[in-house]
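No value in this document is a laboratory result; all are computed from the given coordinates. Keep in mind it's a predicted model, so treat the numbers as computed, not measured. No Cβ is skipped: glycine too gets one built from the backbone with ideal geometry, and neighbour counts run over all protein chains shown.
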Amino acid sequence: MSGRVPHRSRLDPSRPDYAAILAAHDAAVRAGQPTYRDPTTGLSVLTAATHLARGECCASGCRHCPYLDD
């Protein structure tokens, strides 16, 4: 799961904090944590692994939703 890039519609690669967000997500996944703190806003964000464990999309527009098609 680490290294999976969020869909462009959910996280624009041109954001100045893009790399920091991916690093925080990957660290949380490696540590087995269900969420991480967004490095810019401080909000709690679900990891892609947490979404996969749910088994389906919740249709909330989540940043790391693994159920989006390209």
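With unit charges on the beta carbons (Lys and Arg positive, Asp and Glu negative) and the dipole taken about the Cα centre of the chain, which residue among PRO13, VAL29, ALA59 sits farthest to the positive side?
VAL29
Any chance you could tell me what percent of the C-alpha pair distances in the chain go past 14 Å? Could the numbers behind the result be given before it?
Working: 1332 of 2415 pairs.
When every Cα pair of the chain is considered, 55 percent fall beyond 14 Å.
How big is the charge dipole of region 27-70 about its Cα centre, in debye rounded to the nearest 20, if each Lys and Arg gets +1 on its Cβ and each Asp and Glu gets -1 on its Cβ? All intermediate terms of the calculation are to be shown ahead of the outcome.
Working: 4 positive and 4 negative charges, 50 e Å.
Using Cβ point charges on Lys, Arg, Asp and Glu, region 27-70 gives about 240 debye.
Note down the net charge around CYS62, summing +1 for each Lys or Arg and -1 for each Asp or Glu among other residues with Cβ under 11 Å from its Cβ. Don't skip to the answer; put the middle values down first.
Numbers: positive: ARG10, ARG54, ARG63; negative: none.
Summing Lys and Arg as +1 and Asp and Glu as -1 gives +3.
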